[in-house]
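Engineer: Sharing a structure below in structure tokens format, with a few things to ask.
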Amino acid sequence: MVRGAGPRRRSWRAALFPSVIALALTGCVAQPVVVKRPPPRPPARAEIAPLPPTPAHVWIAGYWAWHRERYVWIPGHWEVPAAPGHVWVPGGWMPRGDGYVWVDGHWRAR
């Protein structure tokens, strides 16, 4: 019997392929950066909210977010809550181990 790319060999490769991809992508997961002491945020910028697109929209005020070792301004904008009864939680520094990590703003159930 000649060894080659018969049906058994192809099915083995097909089964192995997703595992190899998953293993390769595990190195792509970004780990949060821990800082000993969060730097102070710059002063907030004044914004005027335009009229909402629909009554379902909620104004998310502009804020400074931590990105790649510096603060960046995220302008205010209208969003529809992720689900009824959800509220917007602004981003901020959260204690983790011996330091702090930045947690982005997100929707949370009341």
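Engineer: At a 10 angstrom cut-off on C-beta neighbours, averaged per residue, how do the peptides 45-57, 97-109 rank from highest to lowest?
Structural biologist: 97-109, 45-57
Engineer: Between V34 and A83, how high is the FRET efficiency from 1/(1 + (r/R0)^6) when r is the Cβ-Cβ distance and R₀ = 25 Å? Nearest 0.05.
Structural biologist: It comes out at approximately 0.20.
Engineer: For segment 48-58, what does the Karplus curve 6.51 cos²θ - 1.76 cosθ + 1.60, with θ = phi - 60°, yield as ³J(HN,Hα) per residue in whole Hz, taken in order and with x for Gly and Pro?
Structural biologist: Karplus-based 3J(HN,Hα) across segment 48-58 equals 10, 6, x, 4, x, x, 9, x, 7, 6, 10 Hz.
Engineer: What's the magnitude of the charge dipole for segment 33-110 around its Cα centre, counting Lys and Arg as +1 and Asp and Glu as -1 at the beta-carbon? Answer in Debye, nearest 20.
Structural biologist: 260
Engineer: Taking the Cβ of M94 as the center, what net charge do the other residues with Cβ under 15 Å away carry, scoring Lys and Arg +1 and Asp and Glu -1?
Structural biologist: So the environment of M94 carries a net charge of +3.
Engineer: So how many Å³ per residue does the convex hull of the Cα atoms of segment 33-110 work out to?
Structural biologist: Taking only Cα atoms, segment 33-110 has a hull volume of 101 Å³ per residue.
Any read-out appearing in this document is the output of simple, stated calculations on the displayed coordinates, not a laboratory observation. On a predicted model such as this, the values are computed, not experimentally measured, just so you know. Quick reminder, even Gly has a Cβ in these numbers, built from the backbone with ideal geometry, and neighbours come from all protein chains shown.
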